[in-house]
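Heads up, the thing below is written out as structure tokens.
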Amino acid sequence: MSQTATPAEELLLVTDELDQVEEQIEQLLARQHQLQAHKEQLLRITEADRRAPRADWHGTFTWDADVQQTLQDTFSLQAFRPLQREVINASMQGRDVLCLLPSGGGKSLCYQLPALVGGGVTLVVSPLLSLIQDQVHGLRLLGIPAISLTSLTPKEEVAEVYKQIDNDKELRLLYATPERVVSAKRFMSKLEKLYKAGRLARIAIDEAHCCSQWGNDFRPDYKKLGVLKQQFPDVPILALTATATDRVCDDLRTILRIEGCESFRSSINRPNLFYEVRQKASTAAQVTADIVSWIQANYASGESGIVYCLTRKDCETLTGELQAAGLACGFYHADMDPHQREHIHQQWSAGTLQVIVATIAFGMGINKVDVRFVIHHSLSKSLENLYQESGRAGRDLKPAHCLLFYRFSDVLRQAAIVAYEANWQPNLYSVMRYASALSTCRRVIVGRHFGEAPAECSAMCDCCARGAPVVKKDVTGAAVAVVDALASLPTADKRATLLQLIDRWRASKVPAEAKAAKAMSRDENERLIAQLVYEDYLQMDFGFTAYATNAYLKASPKAAQLTAGKKTVYMECVEVQADEAAGQHAQRSAGEVIELASSEDEDFQPATKRGRS
Ligand SMILES: Nc1ncnc2c1ncn2[C@@H]1O[C@H](COP(=O)(O)OP(=O)(O)OP(=O)(O)O)[C@@H](O)[C@H]1O
């Protein structure tokens, strides 16, 4: 310190140095926190390795004979489906396991069978009451001792269940909801008692993707399930899910504290499902007529199906219209009396109703394996949601059809609903990318989303089955006209609804622009605007009123490059010819331009189709 510094100057220097020291302390504390968390992870991993060494899960184990016999005698099954045996071996060995098998892949057997062979009690955490009821009922029919504790358990039975947990040495499976596990102290104390007595054999966490806020169906109570590893470190956890991206898997490993787990992942590809997207008509009446005629043409023998709608009101209206057209159907959504909802579900499961028209409230509890079709009346909020909802078809592995009716205005409706959710935009764009594809196989898009190598499609999606040539059109002029139409708006915010934008574009004061816009149908105008959103030349903007959220469109910063002549926009179009390969899947008139897709799609293939048989 200089000897000539005045106290005031020195004060400034000292204050400055103190600030620096505080900043360093903060950095060191953050680093300490990080290292502590990492140390705990490494301790858990080494402890898991010590407790249950890794092995070749295809190999032979002391329990092989028991496992095979239980498979045949108790479950009346002859052989394992892919990965079931490996998952069972790893769990029997005592490893924590993350199991990703597609819908209908047979995840339940992966914990039900070890529960019988290994002895002790397997706790199954499952999010849905109806699913729990169905499973417990099914297990009891097989003579397997199973109980559940949920909000549906009558008060007088709760004491009996607790008594059974304490004393019934034959009990093998105990089902509970995550709420029960994380909030009911009495339940946790019973688990502690089981654990101390060495009777808590395994914990299965079904629909484990609900842990992660990056996945669909995030549930806050699932996020607290890390308490199970903390309280019962020696008990192997088996986390199961049908849908999870790599990011969701990483997240759920951390949340459940099973970082050292064995991960088994079969392809998410469902080869028996035919994926199709159709242009959705612009009027509700026409959409209903299209759905009715499609079901009547393809499933006239009353095969079961689901129609997913965006809102409760849509569900009720569409049900009335389908009924009027002679289809046996009922609606299902969250705003119904639970008994009425259950009644509809049962009638549909029994085949009395052919079609259930539902919101996404109808989901994880569906146990019906012979659903032949799933129709999306509106776009889902993410590709994961669409995959999972569609995946309720064909769980018996027989051919089934997943049909999405798509138009861009539904993206805006959906956006206005999900705009409050985390990650709504990348989620919505992922499903838009899927829906607007023309030349890219839909399986490839889904596989890429889940980080998988492309699966063989064998013409089991409309893009591969269609077989018509794709033409690539330069539509830069039209794209500039759309941006100009927004710029010419009298309002300061320069934003418009989709309808306003199309009207303004078609009424452009530049005659050539208006002529070009009108040379396209309004549907095609809409598709080009969708593409501009999807390629980031336009963006969504929201207006909030006391009653609703409205979605608008406005130019994004990238639009300036378009108007400056630095970007070119191409659209793909297909001229449909008579196409036998697509058979009933492509019911369109010859020569009709059926779809447009992004010119920025990596897999854009301008000339001929592939994958056609
Ligand atoms: N090894 C097997 N052989 C034959 N059928 C099996 C086998 N394993 C399971 N199944 C049957 O497959 C059907 C689906 O099983 P399960 O309900 O466990 O699937 P899941 O993977 O949980 O599907 P979801 O994610 O849709 O709930 C059931 O009817 C079940 O009995």
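The values are calculated or read from the model by the stated rules, or taken from the named source; none is laboratory data. Only a predicted model underlies this, so the values are computations on that prediction, with no experimental measurement involved. Please note: Cβ atoms are built from the backbone with ideal geometry, for glycine as well, and neighbour counts cover all protein chains shown.
Looking at (1) over 26 Å from Ser521 (Cα atoms); (2) of a type outside the set (Phe, Trp, Tyr); (3) away from the ligand (no atom under 16 Å from the Cβ), which is the one condition that is false for Ser409?
Status for Ser409: all satisfied but (1).
Quick one: in segment 351-387, which of the residues that are in a loop (DSSP other than H, G, I, E, B) and among the β-branched types (Val, Ile, Thr) is farthest from the ligand (Cβ to nearest atom)?
Selected residue: Thr352.
Leu28 passes all but one of (1) more than 16 Å from the ligand (Cβ to nearest atom); (2) modelled with pLDDT of 95 or more; (3) not in a helix (DSSP H, G or I); which number fails?
With respect to (1) more than 16 Å from the ligand (Cβ to nearest atom); (2) modelled with pLDDT of 95 or more; (3) not in a helix (DSSP H, G or I), Leu28 is out only on (3).
Could you tell me which residue of segment 423-464 is modelled with the highest pLDDT, considering only residues that are touching a Pro at 6+ places or on another chain (Cβ under 8 Å) and among the basic types (Lys, Arg)?
Result: Arg443.
Has segment 334-356 got any residue that is of a type in the set (S, T, N, Q), in contact (Cβ under 8 Å) with a residue 60 or more places away in the chain and either touching a Gly at 6+ places or on another chain (Cβ under 7 Å) or over 30 Å from Gly106 (Cβ atoms) (or both)?
Checked segment 334-356: no residue is of a type in the set (S, T, N, Q), in contact (Cβ under 8 Å) with a residue 60 or more places away in the chain and either touching a Gly at 6+ places or on another chain (Cβ under 7 Å) or over 30 Å from Gly106 (Cβ atoms) (or both).
With the requirement that a residue be acidic (Asp, Glu) and either at pLDDT below 95 or within 27 Å of the chain's Cα centre (by Cα) (or both), what does segment 49-101 give you?
Keep residues of segment 49-101 that are acidic (Asp, Glu), which gives 49, 56, 64, 66, 73, 86, 96.
Matches in segment 49-101: Asp49, Asp56, Glu86, Asp96.
Looking only at segment 295-316, filter to residues that are closer than 18 Å to Lys368 by Cβ and among the polar types (S, T, N, Q); which one of those is surrounded by the most Cβ atoms within 10 Å (Cβ to Cβ)?
Step by step, filter segment 295-316, then rank; the result is Ser304.
Hey, among Ser151, Ser103, Ser126, which residue is more than 21 Å from Arg202 (Cα to Cα) and within 11 Å of the ligand (Cβ to nearest atom)?
Ser103
Within segment 347-363, how many residues turn out to be surrounded by fewer than 17 Cβ atoms within 10 Å (Cβ to Cβ) and modelled with pLDDT under 90?
Result for segment 347-363: 1.
What number of residues within segment 217-228 are surrounded by 17 or more Cβ atoms within 10 Å (Cβ to Cβ), at negative phi and charged (D, E, K, R)?
Matching residues across segment 217-228 total 3.
Which numbered condition in (1) under 30 Å from Ile45 (Cβ atoms); (2) in contact (Cβ under 8 Å) with a residue 60 or more places away in the chain; (3) not basic (Lys, Arg) is the only one that Asp250 fails?
Here Asp250 clears every test but (2).
Okay, residues lined up against (1) surrounded by fewer than 22 Cβ atoms within 10 Å (Cβ to Cβ); (2) of a type in the set (A, V, I, L, M, F, W, C):
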site	(1), (2)
Tyr434	no, no
Leu438	no, yes
Arg442	no, no
Glu456	yes, no
Val482	no, yes
Lys494	yes, no
Trp505	no, yes
Ala514	yes, yes
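Filter segment 178-211 down to residues that are within 16 Å of the ligand (Cβ to nearest atom) and part of a loop (DSSP other than H, G, I, E, B) and give me whichever is modelled with the lowest pLDDT.
Only one residue fits best here, namely Glu207.
Report, by residue number, each residue of segment 45-100 that is basic (Lys, Arg), surrounded by fewer than 18 Cβ atoms within 10 Å (Cβ to Cβ) and either assigned to a helix (DSSP H, G or I) or touching a residue at least 60 places away in the same chain (Cβ under 8 Å) (or both).
Once the filter is applied, which keeps residues that are basic (Lys, Arg), surrounded by fewer than 18 Cβ atoms within 10 Å (Cβ to Cβ) and either assigned to a helix (DSSP H, G or I) or touching a residue at least 60 places away in the same chain (Cβ under 8 Å) (or both), segment 45-100 yields Arg50, Arg51, Arg54.
Please go through (1) more than 25 Å from Ala551 (Cα to Cα); (2) away from the ligand (no atom under 15 Å from the Cβ); (3) of a type in the set (Ser, Thr, Tyr) for Ser390 and return the number of the only condition it doesn't satisfy.
(2)
Would you tally the residues in segment 70-86 being away from the ligand (no atom under 11 Å from the Cβ) and out of contact with any Gly (no Cβ under 9 Å at 6 or more places or on another chain)? Reasoning before the result, please.
The first filter runs over segment 70-86 and keeps only residues away from the ligand (no atom under 11 Å from the Cβ), leaving 70, 73-74, 86.
After this cut, where a residue has to be out of contact with any Gly (no Cβ under 9 Å at 6 or more places or on another chain) as well, the list is 70, 73, 86.
Number of matching residues: 3.
So which of Leu131, Leu109 is in contact (Cβ under 8 Å) with a residue 40 or more places away in the chain, farther than 17 Å from Cys261 by Cβ, in a helix (DSSP H, G or I) and within 14 Å of the ligand (Cβ to nearest atom)?
So the residue among Leu131, Leu109 that is in contact (Cβ under 8 Å) with a residue 40 or more places away in the chain, farther than 17 Å from Cys261 by Cβ, in a helix (DSSP H, G or I) and within 14 Å of the ligand (Cβ to nearest atom) is Leu131.
Is it fair to say Phe331 is crowded, with 23+ Cβ neighbours inside 10 Å, free of Cβ contacts under 8 Å to residues at least 60 places away in the same chain and within 15 Å of the ligand (Cβ to nearest atom)?
Working: crowded, with 23+ Cβ neighbours inside 10 Å: yes; free of Cβ contacts under 8 Å to residues at least 60 places away in the same chain: yes; within 15 Å of the ligand (Cβ to nearest atom): no.
No; evaluated as a whole, the condition is false for this residue.
Limited to segment 466-504, what total is found for residues that are in contact with a strand residue (DSSP E or B) (Cβ under 8 Å, 6 or more places away or on another chain) and within 30 Å of Asn269 (Cα to Cα)?
6
Test Asp370 against the criterion of being surrounded by fewer than 23 Cβ atoms within 10 Å (Cβ to Cβ), touching a Lys or Arg at 6+ places or on another chain (Cβ under 9 Å) and farther than 23 Å from Ser266 by Cβ, and give yes or no.
no
For Asp168, state whether it is acidic (Asp, Glu) and within 16 Å of the ligand (Cβ to nearest atom).
In short, no.
Counting only residues that are over 22 Å from Cys110 (Cα atoms) and out of contact with any strand residue (DSSP E or B) (no Cβ under 9 Å at 6 or more places or on another chain), how many does segment 213-241 have?
The total comes to 13.
Do you know which residues across segment 335-350 are within 23 Å of Thr288 (Cβ to Cβ) and assigned to a loop (DSSP other than H, G, I, E, B)?
If the condition is that a residue be within 23 Å of Thr288 (Cβ to Cβ) and assigned to a loop (DSSP other than H, G, I, E, B), then Asp335, Met336 are the ones that fit.
Check Leu152 against each of (1) without any contact (Cβ under 8 Å) to a residue 40 or more places away in the chain; (2) within 28 Å of Gly198 (Cα to Cα); (3) surrounded by fewer than 17 Cβ atoms within 10 Å (Cβ to Cβ) and name the one condition it does not meet.
Every listed condition holds for Leu152 apart from (2).
Would segment 520-535 turn up any residue that is surrounded by 15 or more Cβ atoms within 10 Å (Cβ to Cβ) and farther than 26 Å from Phe405 by Cβ? Working first, answer last.
To start, the set of residues in segment 520-535 that are surrounded by 15 or more Cβ atoms within 10 Å (Cβ to Cβ) comprises 520, 523-535.
So of that shortlist, the ones also farther than 26 Å from Phe405 by Cβ come out as none.
No: segment 520-535 contains no residue that is surrounded by 15 or more Cβ atoms within 10 Å (Cβ to Cβ) and farther than 26 Å from Phe405 by Cβ.
Here is a yes/no grid of residues against (1) within 16 Å of the ligand (Cβ to nearest atom); (2) of a type in the set (D, E, K, R); (3) within 24 Å of Ile205 (Cβ to Cβ):
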residue	(1), (2), (3)
Ala242	yes, no, yes
Val248	yes, no, yes
Ile255	no, no, yes
Glu259	no, yes, yes
Lys280	no, yes, no
Ala285	no, no, no
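So in segment 229-245, with the set limited to residues that are surrounded by 24 or more Cβ atoms within 10 Å (Cβ to Cβ) and modelled with pLDDT of 95 or more, which one is farthest from Glu452 (Cα to Cα)?
Selected residue: Pro236.
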